[in-house]
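Here the structure comes first, spelled out in structure tokens, and everything after it is commentary.
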Amino acid sequence: MRKGMIALLLALLVEPLGAVDEAIVVIAFPGLPKADISTLQRLYTGRIVSINQQSAIPVNLPSGHPVRQQFLETVLGQDEGHYTGYWLVRRYVGKGAPPMEVGDLDELVRVVQSTPGAVGYVPVSRLPQGANVIWRR
């Protein structure tokens with residue numbers, strides 16, 4: 001019984017450190033149209049470079065960021081290892097480079113709001129006022 005209590009306490013302490021338990025939304029530079037999940041999957045895997053024939057530039061948070069992990073799982077159905085491996089192969093065979101990475105959520109919002117065509121993802125709690133939301137879970 002004591003081991004079970006210790007395991008439960010450890011789970012409660014460790015889980016919040018990496019978990020993001022709120023919805024992720026995808027924001028874009030003003031004027032970019034709404035996108036479906038299939039379009040976002042193709043954009044973040046380098047298979048397309050536009051949304052409804054408007055240039056789009058995907059922006060990622062750094063590897064290991066909990067919001068990035070949630071985005072990869074929710075939108076791409078991948079974990080960090082698969083996504084990084086995908087881009088290593090793609091770059092090696094000359095099929096492009098992974099999306100630009102920024103350091104944190106504040107920088108991602110700045111880049112998306114100031115770069116024509118930029119697309120990024122944030123938790124709902126960090127959604128900037130007046131942001132162009134192109135996808136919601």
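For the reader, a short list of remarks on this structure follows.
Residues checked against (1) closer than 19 Å to K34 by Cα; (2) assigned to a helix (DSSP H, G or I):
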site: G46; (1), (2): yes, no
site: V67; (1), (2): no, yes
site: V75; (1), (2): yes, yes
site: Q78; (1), (2): no, no
site: G85; (1), (2): no, yes
site: R90; (1), (2): no, yes
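- Subset of the stretch 92-115 that is assigned to a helix (DSSP H, G or I) and not hydrophobic (A, V, I, L, M, F, W, C) - its residue that is farthest from I48 (Cα to Cα): D106
- Within the stretch 107-133, being surrounded by 12 or more Cβ atoms within 10 Å (Cβ to Cβ) and free of Cβ contacts under 8 Å to residues at least 40 places away in the same chain holds for E107, R110, R126.
Bear in mind these aren't lab numbers, they're just calculated from the coordinates by the rules spelled out. Just so it is clear, the model here is predicted, and its values are computed rather than measured. FYI the Cβ positions are ideal-geometry reconstructions off the backbone, even for glycines, and counts take in every protein chain you see.
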